[in-house]
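Notes to accompany the following structure.
The values are calculated or read from the model by the stated rules, or taken from the named source; none is laboratory data. Keep in mind that what you see is a predicted model, and the values were worked out from it rather than measured. Here Cβ is always computed from backbone atoms with ideal geometry, including for glycine, and neighbour counts include all displayed protein chains.
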Amino acid sequence: MAHREPRRLSRRQFAFLGTQAVGAVVTLLLGIPIVGFILSPLFHRQQAVWRQVGDISGVPDRQPTKFEVSFPLDEWTNANVNLAVYVVKINSNYLVFSNVCTHMQCPVRWQSDLGQFLCPCHGGLYDITGTNIGGPPPKPLPQYVHRIDGTTLFIQNSFTESI
Amino acid sequence: MGRIAAVYDWLDERAAIRSLVRKGLYEAVPVRGAWFYTLGSATLVLILLQLVTGIFLTLVYVPSVTEGWASLNYLKQHDAFGSIVRGIHLWSAYILLFVIGLHMVRTFFSGSYKRPRELNWVTGVGLFILVLVMAITGAFLPWDQAAYWTAVVVTNVPSYTPFIGSFIRALWRGGDFVGPITLTRTFGIHVWLVPAILFPLILAHLALLRKHGEFGSYINYRGAYRRREGVDVPPAPAQRPIEPPYPAVPTDELWAAPLETEDFFPFQTFKDGLVSVVLVIVVFLLAVAIGAPLEPIADPSTTSYTPVPEWFFLPLDELLLLVPQQLIPLVLVLPAGGVLLLLALPFIDRGPERNPFERPAVMVPGAFAVLFVVILTLLGSGRLFNL
């Protein structure tokens, strides 16, 4: 029977592994909360808030009309943020657009001389139904989730499709 | 022995300052073309200007969507000296971007990135990128219209990364849209995260510079004479004294040690100082005469404001305009590819030749890359400012 070599760590090997283990413990104890902290806003679900936009009975046919609506900022502040709403009446249907361009999220404006929505940053164009018809925007102009009670328009702080 | 000499001796015995001073001041640097080597020290001076003015700006600035703009508006209305400090911070940042770019072009042109100085180049590319990150994140902080729309567009660019784009955007913004957390995160990146990496990297860059010595330019080396007809190549290093840190026994004797050197102090420091003081005076005058602008507070509901990018963002903004909607990720791929090529440069261009006119395979693509960026900038400024 062959002599069995005792498999034990040398003092040097033990200290070598121990030093690395200490480093690993500190990295984990710091790393887990910090990474979680950085990621936490991603798991924070935005609360659905409804706001009244106003009476839209005066919105003329095929003339996009701008309203402004104040929503609470969804973090720790008491401040509100003003959002732009373009209400478009086509025959008896209403479309409720945001001013956020789907290319780089610049503020889109209605150009009555063009009969189109124009993004001033990179020249994106949308027609009156919000369809992206020119320039770089990859998607149609976003619409707010909304409801109409009689002639009063309400919107939610979210889009029908994510951009 | 004089009293000052006694203090010096006392300190030297305990902190070894004599050898530190000798090493710091009396190193050999190449003689010819030395005005070009002032770009590095000018970059350092401008970065230190950023550090000092940035520290003092935190005495008033509040990183908040409700108070950030108001704190700078207070500075503008009620604090003339504070406004100058903010002006210096802005204008030295603008000039820093320009000077660090020139420093990089100079290094590229002179072939100084070659063995054994590859890591000087790699750390330099890292510093260049970090300075760009500082410029972009700094542009968010005033939270005026210009800052807000810069924040919106810049944080939206990474959303075109395939698969994980909207995840990266949400990570930076702290949500789907730009808001209070976008500002606190960007402030943290600007004042702590990036500087905590940037300043140690500067120390590494300088330590490597001192380790290998300033390369200078090919005109300082025997290699420059090799192909000139009717001109004798100067004697090999074995026949003349070599100043440290240049190697006495070189691996490549044509390019190892400059033909003529002089002491860093006071010859190079005088040139460095002159260039830097001119830049500091220019920055100061711009800060007083023009200052840092502050537009009306951020307004996401605007339908009349036309966002104009910071001038250093113009090439990318022009790409955003030119790239068709199916190819938007190109806006990320082109700069990322450019950075990778820059990092790889010393490992691709490995021959010993330093003379830029003997290196067309590197100089021609490099010149085209610079031209590409310059043309994009000109196109962008022509479009935005009707030039």
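Mind telling me which of the residues B:Ala16, B:Ala6, B:Ala80 ends up being without any contact (Cβ under 8 Å) to a residue 60 or more places away in the chain and at positive phi?
B:Ala16
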Apart from one, (1) in a helix (DSSP H, G or I); (2) among the aromatic types (Phe, Trp, Tyr); (3) more than 10 Å from every other protein chain (Cβ to nearest Cβ) all hold for B:Phe167; the odd one out is (3)
Give the stretch B:306-318 a look and list any residue that's crowded, with 18+ Cβ neighbours inside 10 Å and within 13 Å of chain A (Cβ to nearest Cβ), or say none. B:Pro307, B:Val308, B:Pro309, B:Phe313, B:Leu314, B:Leu316, B:Asp317, B:Glu318
Can you find a residue that is closer than 25 Å to A:Trp110 by Cα and surrounded by 14 or more Cβ atoms within 10 Å (Cβ to Cβ) anywhere in the stretch B:326-346? yes
Report yes if some residue within the stretch B:92-114 is closer than 21 Å to B:Ile189 by Cα and either charged (D, E, K, R) or without any contact (Cβ under 8 Å) to a residue 40 or more places away in the chain (or both); otherwise report no. no
So, in the stretch B:66-123, exactly how many residues are within 14 Å of chain A (Cβ to nearest Cβ) and not in a helix (DSSP H, G or I)? 2
Residue identified as more than 11 Å from every other protein chain (Cβ to nearest Cβ) and either in contact (Cβ under 8 Å) with a residue 24 or more places away in the chain or under 27 Å from B:Arg173 (Cα atoms) (or both) among A:Gly23, A:Gly54, A:Gly58: A:Gly54
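At least 3 residues that are of a type in the set (Val, Ile, Thr) and closer than 30 Å to A:Gly150 by Cβ in each: list the strands (runs of 3 or more DSSP E) lying fully within the stretch A:42-114 that qualify.
Values: elements: A:50-55, A:65-72, A:80-90, A:93-98, A:109-111.
Here the list reads A:80-90.
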Those residues of the stretch B:161-177 which are among the charged types (D, E, K, R) and at pLDDT 95 or above, in sequence order: B:Arg169, B:Arg173
Applying the selection to the stretch B:206-265, what residues are modelled with pLDDT under 85 and of a type in the set (D, E, K, R)? B:Arg226, B:Arg227, B:Arg228, B:Glu229, B:Asp232, B:Arg240, B:Glu243, B:Asp252, B:Glu253
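Within the stretch B:37-92, how many residues are within 30 Å of B:Asp263 (Cβ to Cβ) and touching a Ser or Thr at 6+ places or on another chain (Cβ under 8 Å)?
In the first step, residues of the stretch B:37-92 are kept if they are within 30 Å of B:Asp263 (Cβ to Cβ); the result is B:37-52, B:92.
Then keep just the ones that are touching a Ser or Thr at 6+ places or on another chain (Cβ under 8 Å); that gives B:38, B:41-42, B:45-46, B:49-50, B:92.
Of the residues in that region, 8 qualify.
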Only one of B:Pro162, B:Pro158 is touching a residue at least 12 places away in the same chain (Cβ under 8 Å), outside any helix (DSSP H, G or I) and out of contact with any Ser or Thr (no Cβ under 7 Å at 6 or more places or on another chain); which? B:Pro162
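Mind telling me which of the residues B:Leu341, B:Leu285 ends up being over 20 Å from the mean Cα position of the chain (by Cα) and not in a loop (DSSP other than H, G, I, E, B)? Let's see the steps before the verdict.
Values: B:Leu341 fails: over 20 Å from the mean Cα position of the chain (by Cα).
After applying the criteria, what remains is B:Leu285.
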Answer yes if at least one residue in the stretch A:47-67 is at pLDDT below 95 and under 24 Å from B:Trp149 (Cα atoms), and no otherwise. no
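Could you please find all residues in the stretch A:76-96 being within 9 Å of chain B (Cβ to nearest Cβ), surrounded by fewer than 20 Cβ atoms within 10 Å (Cβ to Cβ) and hydroxyl-bearing (Ser, Thr, Tyr)?
A:Thr77
I'd like to check something: does the stretch B:117-124 contain any residue that is without any contact (Cβ under 8 Å) to a residue 40 or more places away in the chain and of a type in the set (A, V, I, L, M, F, W, C)? Talk me through it step by step, then tell me what you get.
Filtering the stretch B:117-124 for residues without any contact (Cβ under 8 Å) to a residue 40 or more places away in the chain gives none.
No: zero hits.
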Can you tell me which residue in the stretch B:331-387 is nearest to B:Ala224 (Cα to Cα), limited to those that are touching a Ser or Thr at 6+ places or on another chain (Cβ under 9 Å) and among the hydrophobic types (A, V, I, L, M, F, W, C)? B:Leu332
Identify, please: which residue in the stretch A:106-144 is within 29 Å of B:Thr161 (Cβ to Cβ), within 14 Å of chain B (Cβ to nearest Cβ) and touching a residue at least 40 places away in the same chain (Cβ under 8 Å) and is, among those, surrounded by the fewest Cβ atoms within 10 Å (Cβ to Cβ)? A:Pro142
Checking the condition out of contact with any helix residue (DSSP H, G or I) (no Cβ under 7 Å at 6 or more places or on another chain) and either within 28 Å of B:Arg350 (Cβ to Cβ) or in a loop (DSSP other than H, G, I, E, B) (or both), which residue from B:Leu201, B:Leu274, B:Leu206 passes? B:Leu206
Residues located in the stretch B:276-321, provided they are over 24 Å from B:Thr137 (Cβ atoms) and either free of Cβ contacts under 8 Å to residues at least 24 places away in the same chain or among the polar types (S, T, N, Q) (or both): B:Ser276, B:Val277, B:Val278, B:Ile281, B:Leu285, B:Ala289, B:Ser301, B:Thr303, B:Ser304
A:Asn99 meets each of (1) at the interface with another protein chain (Cβ under 9 Å from one of its Cβ atoms); (2) at pLDDT below 95 with one exception, condition (2)
Exactly one of A:Leu73, A:Leu153 is of a type outside the set (Ser, Thr, Tyr), surrounded by 14 or more Cβ atoms within 10 Å (Cβ to Cβ), in contact (Cβ under 8 Å) with a residue 12 or more places away in the chain and on the phi < 0 side of the Ramachandran plot, and that residue is A:Leu153
